[in-house]
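First up is the structure itself, then whatever we jot down about it.
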Amino acid sequence: MRGSMGPLGRFLRDRRAVAGLVILAVETLAVLLLPALFGLAPNLTDAAAGFWAPPSASHWLGTDDVGRDVLARLLCGGRVSLLVGFSAAGISLGVGVPLGLLAGWRQGSKWEYGIMRLADVFQSFPSIVLVLCLVSLVGASVWNIVAVIGLLGWTGIARLVYANTLTVREREYVLAARALGGRWTTILRRNVLPNAVGPVWAVLPLRVGRAILSESSLSFLGVGIRTPQASWGSLIQYATNTAVFVGRPWIWVPPAVCIVVTVVSLQWVGDGLRNALDPRFYIGPKT
């Protein structure tokens with residue numbers, strides 16, 4: 001019966017979620033393994049093939065403006081985009097969970113007021129403008145971009161954990177632990193955190209997708225990943241040239257497709273986790 005299934009069973013019955021997970025796994029293995037297996041060098045110029053060469057047997061996706069293999073740059077750029085997405089989401093998780101937990105546990109204190117007002121300040125600025133300004137200040141290296149996107153993305157996670165903590169802290173088992181004289185740090189770690197953080201796993205894939213889109217936007221605007229390093233966003237930047245956009249779609253269409261497929265897959269996985277972790281959202285397997 002549906003109601004008796006555990007979270008794993010509900011997740012596996014969601015076909016879109018499983019499909020999204022499989023796509024992400026295949027994509028990750030491809031960007032990690034294929035360059036080494038096929039000897040693809042993202043920064044090697046092929047003078048014989050020439051510049052802006054169309055797809056051929058030697059270069060499946062053609063070459064770019066300096067004769068580099070587009071497929072090699074697509075795969076190696078995928079490493080960078082996925083690294084930015086998952087690392088930035090991890091930083092947001094590491095910052096947002098403790099702050100949200102502390103604000104919810106210390107309801108009515110200066111901690112709650114300070115953390116929630118800080119979240120309001122962060123959310124009052126247009127995110128892309130703030131990211132652009134900070135990246136321009138600290139530089140456009142991969143890890144600087146990861147740090148900026150991650151540190152600016154903690155507010156949504158913190159608010160979610162905060163709201164869940166306000167509910168969990170009034171549960172009987174938490175009140176009993178407090179009545180028995182348990183230390184508040186121990187109660188938070190053992191009783192509150194496991195029950196307050198559950199819904200966060202459902203939104204974490206969405207944070208990964210948002211981070212990938214943020215990096216792509218920065219690179220498209222010319223302030224993200226810099227040449228010779230590649231990312232999906234920096235490859236799409238070629239589309240700003242009208243001649244490339246119209247006459248050489250093999251340059252920018254593959255990375256655009258990769259971004260769309262990745263973000264949609266993450267959305268499916270996030271929806272599947274939400275349905276699996278909270279049976280109230282479960283509506284049966286999706287086709």
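The values are calculated or read from the model by the stated rules, or taken from the named source; none is laboratory data. Source: prediction; values computed, not measured. Positions of Cβ are generated from backbone atoms using ideal geometry, with glycine treated the same way; all protein chains shown enter the neighbour counts. Ligands, DNA and RNA are excluded from the accessible area calculation, which covers all protein heavy atoms including side chains. Shrake-Rupley method; radii C 1.70, N 1.55, O 1.52, S 1.80 Å.
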Rounded if a/c is under 1.5, else prolate if a/b beats b/c, else oblate: with a ≥ b ≥ c from the C-alpha gyration tensor eigenvalues square-rooted, which is the range 1-144?
oblate
Which whole-number value in Å² is the accessible area per residue of the range 47-102, probe 1.4 Å?
37 Å²
Using a Gaussian network model of the chain with C-alpha springs under 10 Å, which one of Tyr162, Tyr238, Tyr113 is most mobile by mean-square fluctuation?
Tyr113
Can you give me the span-like helices of the chain, meaning DSSP H runs with 18 Å or more of Cα extent along the axis and Kyte-Doolittle mean at or above -1.0?
15-38, 70-105, 110-124, 154-168, 200-220, 249-277
For the range 139-257, with only Lys/Arg (+1) and Asp/Glu (-1) charged at the beta-carbon, what is the dipole magnitude about the Cα centre, in debye rounded to 20?
360 debye
Rounded to two decimals, the Debye log10 I(q)/I(0) of the range 1-68 (Cα scatterers, no solvent) at q = 0.15, 0.20, 0.22, 0.25 Å⁻¹ is -0.65, -0.86, -0.94, -1.03
Between rounded, prolate and oblate, where does the range 175-287 land on the alpha carbon gyration tensor, with a ≥ b ≥ c its root eigenvalues, rounded for a/c under 1.5, else prolate if a/b exceeds b/c?
oblate
Counted charge near Leu166, where neighbours are those whose Cβ lies closer than 13 Å (Asp, Glu -1; Lys, Arg +1)
+2
Given points 7 Å out from each Cα along the Cα-Cβ axis, report the Leu44 to Ala30 separation in nanometres with one decimal.
2.1 nm
With just the Cα atoms defining each centre, how far is the range 42-115 from the range 132-175? Give it in Å.
18 Å
Please work out the Kirkwood hydrodynamic radius for the range 134-227, using every pair of different C-alpha atoms, and report it in angstroms with one decimal place.
15.7 Å
Please work out the FRET efficiency for the pair Ala256 and Ala163, using the Cβ-Cβ distance as r and a Förster radius of 35 Å; give the result to the nearest 0.05.
0.45
Using a cut-off of 13 Å between beta-carbons, work out the net charge of the residues near Ser141 (Lys and Arg +1, Asp and Glu -1, Ser141 not included).
0
Net +/- balance of residues flanking Ser92 in space, Cβ distance below 14 Å, scoring K and R +1, D and E -1:
+2
Rounded, prolate or oblate (a/c below 1.5 giving rounded, otherwise prolate when a/b exceeds b/c) for the range 75-116 by Cα gyration tensor:
prolate
Residues in the range 192-222 that a label on Leu180 would reach, taking backbone N under 19 Å of a point 7 Å out along Cα→Cβ:
192-196
Which value, in Å² rounded to 10, gives the accessible area of Leu29 with a 1.4 Å probe and all protein chains present?
100 Å²
At 10 °C and 1.306 mPa s, the Stokes-Einstein diffusion coefficient in µm²/s for the chain, with hydrodynamic radius from the Kirkwood sum on alpha carbon pairs, is 75 µm²/s
Note down the accessible area of Ile259, probe 1.4 Å, to the nearest 10 Å².
10 Å²
